[in-house]
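A short reminder: the numbers here are calculations on the coordinates, not readings from a lab. Predicted, not measured: the structure shown is a model, and the values here were computed from it. Every residue, glycine as well, gets a Cβ built from its backbone with ideal geometry; the counts of neighbours run over all protein chains shown.
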Amino acid sequence: MGKQKYVKDVEQLLQKSAVVSYRSIERIINEKKNVRQYTKQLIRNFIRQGKLFPLTKGWYAAYEDTSLAVFCFQPAYLGLQDALSYHNAWEQETIPIIITTKKVRQGVRKVFGSNILIRRIDPAYFFGITYSEDTPALPYSGVEKTLLDFLYFHEQCSPETRQAIMKKIDRRKLKKYTRQYPLWVRRKVSKM
């Protein structure tokens, strides 16, 4: 098999998925003797040609979009202020805020020269996700889940923003979701 075969296979993978891992590229090249060396070289060539962009360690994107980093921390979703922007309940610009159950370092990171924020959440509170209609479909917290995350992470929001959220909420869904959170969160929701 020629080198060109691998290049075409990786290009096909990039057409199917906006984010790929080092391991997925390595699997394509698994028949070669020096798989690791060839994989690294192929990735370097793709980066040099502008066909691949490094996202985080071991993850690459087909184009530069900081929100794509959410796929590197699965299970994860975009939440808090970022989700408010998605749901049109927040007028301000925000950085991507990735909420994950993975045990990763929390805080601000640089992706494509811009900041993203990583927050961790207990797997018991990983639900209430909706997907954007874009390609690729990005996972966002639903409006009800976003409100609960604001309370859970002790985030402040203005009365106007809270009012915008409350207009969009499905009260039955909020009630259902609230039951899964600790008592102190349930009390805050009942005060609202």
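Full extension of the chain between TRP184 and SER114 gives 21.7 nm of extra length, using 0.36 nm per residue less the Cα-Cα distance. Computed from the C-beta positions of PHE153 and ARG23 and an R0 of 25 Å, the FRET efficiency is 0.20 to the nearest 0.05. What you get for the chain, charging only the Cβ of Lys and Arg (+1) and of Asp and Glu (-1), is a dipole of about 840 debye around the Cα centre. Size of the chain: Rg and Dmax of its alpha carbons, in Å, are 19.8, 66.
Taking the alpha-carbon distance from LYS5 and a cut-off under 29 Å, which lysines remain once sequence neighbours fewer than 8 residues away in the same chain are dropped? LYS5 reaches LYS16, LYS32, LYS33, LYS40, LYS51, LYS57.
The count of lysine pairs in region 66-191 with alpha-carbon distances below 22 Å, taking only pairs 8 or more places apart or on different chains, stands at 23.
On the principal axes of its alpha-carbon atoms, region 3-61 has extents of 27, 21, 19 Å, going from largest to smallest.
Using modelled backbone amide H atoms (1.01 Å from N, in-plane), which distant-in-sequence or interchain residues come within less than 5 Å of LEU52's amide H? For LEU52, the qualifying residues are ILE47.
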